[in-house]
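A short write-up of the structure that comes next.
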Amino acid sequence: MTLRFASLAALALSFVMSVPAGAADYEIDSKGAHASINFRVKHLGYSWLVGRFDTFTGSFSYDNKAIDKSSVKVEIDTASVNTNHAERDKHLRSADFLDVVKFPKVTFVSKSVTPAGDGKATIVGDLTLRGVTKEVSIAAVGIGGGDDPWGGVRQGFEGTTKFTMADFGIPKDLGPASKEVELTLHVEGILK
Amino acid sequence: MHVKDAPDGYGIVSRLFHWLMAIAIFGLFGLGWWMVELDYYSPYYVSAPNLHRSVGILLFIALLARIFWRCLNIKPDDADLTAMERMASRFVHIGFYPLLIALSISGYLISTPGGRAIDVFGLFSVPSIVQQKGLEDSAGWVHWALAYGVIALAVVHTAGALKHHFIDKGSSLMRMWSGPQRPN
């Protein structure tokens, strides 16, 4: 009887201990493609040219009780740039833009996460592009999260930032209305 | 007028193929060399590559027709060449065909591996056959290298023809310019 109680208590304790304390680590589900990184640049100032990076990895740490303890890290393969036009993609991979042979990765590493209420947060971090590291600010919003039907736990966000291409040393000038690029990250993380 | 090639000169069909394709090849080389450096806001940024692609496809069709025509014809006599000259001239002549075929295919693969077709002067379009992401990059390098290779070969070919015409006082240039001299 005592023995049975003891083992039950041990079992209960092990359950308590398995509940994540504080921030939990998530792997961005790029494998299942429940994440995408898109960008847009104005074409002549007349419309938005939309593209994406097909290959990237990343992870984030998230605690819904202490948002400011969260962090995120993303690494993008520059060669995976895709604007649905082979010749344009070739040009974007060239030294005029991303110079993917010299600079195969774009990285973002967060430095601070500040809750902005209503499920929103401001993520400030270092964006490294073409070997140039600059601080950018991502306006992030939580989309949802919880158990998935297959035994995992997921958490999803959307974040948007923009920067001037010349600031990162992109030499090609696309004209006065097309100096900035907007980057949008749609990510779903799976609890590690 | 000689339509087909004769022992003492090329017929009108071969001569037209030769000179028109020579103009097209040098023209495409110059156009390609110039157009890749155009500014985004150049008025020719869209039209120059369109012209290059269209003429390139027509050149490829002409090339296939020329190879076919060559197979139907006798080869004009080259007995006035030394064994060494003959070998060099045949090497240069035959070398153009695989180089130009590879040049055409590599150019086609710059434009089409994303699934898009090449429009030829709005008359017809050549669909994408091979779809592979990033193929346009390697195709671009191959196209660039082969273009210089073809021009190098053309320079050797021209130098040989001029040497044979002016120094050796041979008739090869006239065979390609005015054709066979004997009446039909």
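The values are calculated or read from the model by the stated rules, or taken from the named source; none is laboratory data. All of these numbers come straight from a predicted model, not from anything done at the bench. In this analysis, Cβ positions are derived from the backbone assuming ideal geometry, glycine residues included, and neighbour counts consider all displayed protein chains. The area values use the complete protein model at the heavy-atom level, side chains included, leaving out ligands, DNA and RNA. Shrake-Rupley method; radii C 1.70, N 1.55, O 1.52, S 1.80 Å.
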Heads up, segment B:12-177 by the C-alpha gyration tensor (a ≥ b ≥ c square roots of eigenvalues; a/c under 1.5 rounded, else a/b over b/c prolate, else oblate) looks prolate
Excluding ligands, DNA and RNA, the carbon-plus-sulfur percentage of the accessible area of chain B with a 1.4 Å probe reads 73
Inter-chain shielding metric for B:130-136, i.e. average beta-carbon neighbours from other chains within 10 angstrom, reads 4
To the nearest 10 degrees, the tilt of helix B:12-35 (Cα long axis) against the first principal axis of the alpha carbons of chain B is 40
For chain A, the Debye formula with one identical point scatterer on each Cα and no solvent gives log10 I(q)/I(0) at q = 0.19 Å⁻¹ as -1.31
For peptide A:28-35, the mean count of other chain Cβ atoms within 10 Å per residue Cβ is 0
Filtered hits (lysines, Cα-Cα < 25 Å from A:Lys65, offset >= 8 within chain) -> A:Lys73, A:Lys111, A:Lys120, A:Lys192
Here D for the protein assembly as shown, in µm²/s, from Stokes-Einstein with a Kirkwood Rh over Cα pairs at 10 °C and 1.306 mPa s, works out to 61
Contact order relative to length for chain B, counting C-alpha pairs under 8 Å separated by 6 or more residues, stands in percent at 30
Probe 1.4 Å, heavy atoms of protein chains only: per residue, the accessible area of segment A:66-153 in Å² is 52
Rounded to the nearest 500, the 222 nm mean residue ellipticity computed for chain B from DSSP H runs (n ≥ 4, each -39500 (n - 2.57)) alone is -21500 deg cm²/dmol
Excluding residues fewer than 8 positions from A:Lys172 in its own chain, the lysines with Cα under 24 Å of it are A:Lys42, A:Lys90, A:Lys102, A:Lys105, A:Lys134, A:Lys162, B:Lys133
Taking every other residue with Cβ under 11 Å from the Cβ of B:Gly170 and scoring Lys and Arg +1, Asp and Glu -1, one gets -1
Using alpha-carbon positions, the gyration tensor of segment A:79-192 gives root eigenvalues a ≥ b ≥ c; with a/c under 1.5 called rounded, otherwise prolate if a/b exceeds b/c, else oblate, the class is prolate
With the charge dipole of segment A:129-192 built from beta-carbon charges (+1 for Lys and Arg, -1 for Asp and Glu) about the Cα centre, the Cα from A:Leu174, A:Ala139, A:Gln155 projecting farthest to the positive end belongs to A:Leu174
With the full set of protein chains present, the residues of segment A:154-179 whose 1.4 Å probe accessible area falls by 40 Å² or more relative to the chain alone are A:Lys172, A:Leu174
Residues whose modelled amide H sits under 5 Å from the amide H of B:Val36, counting only those 5 or more places away in sequence or on another chain, are none
On protein heavy atoms with a 1.4 Å probe, the accessible surface that disappears when B meets A, both sides summed and given to 100 Å², is 1300
Expected sort for B:135-147, B:105-117 on mean C-beta neighbours within 10 Å, highest first, is B:105-117, B:135-147
For chain B, the dipole about the Cα centre with charges only on Cβ (Lys and Arg +1, Asp and Glu -1), to the nearest 20 debye, works out at 440
Expected output for segment B:109-126, residues with a loss of 30 Å² or more in accessible area relative to the chain alone at probe 1.4 Å, reads B:Ile110, B:Arg116
Interface call, segment B:24-65: threshold 20 Å², probe 1.4 Å, accessible heavy-atom surface of protein chains, chain by itself vs complex, result B:Tyr40, B:Tyr41, B:Tyr45, B:Arg53
With a 1.4 angstrom probe the carbon and sulfur portion of accessible area for segment A:21-191, in percent, totals 53
If every Lys and Arg gets +1 and every Asp and Glu gets -1 at its Cβ, then about the Cα centre the protein assembly as shown yields a dipole, in debye to the nearest 20, of 760
Shielding of A:79-90 by other chains, given as the mean Cβ count within 10 Å, works out to 5
With the 8 Å Cα cutoff and a minimum separation of six or more residues, chain A has a relative contact order in percent of 22
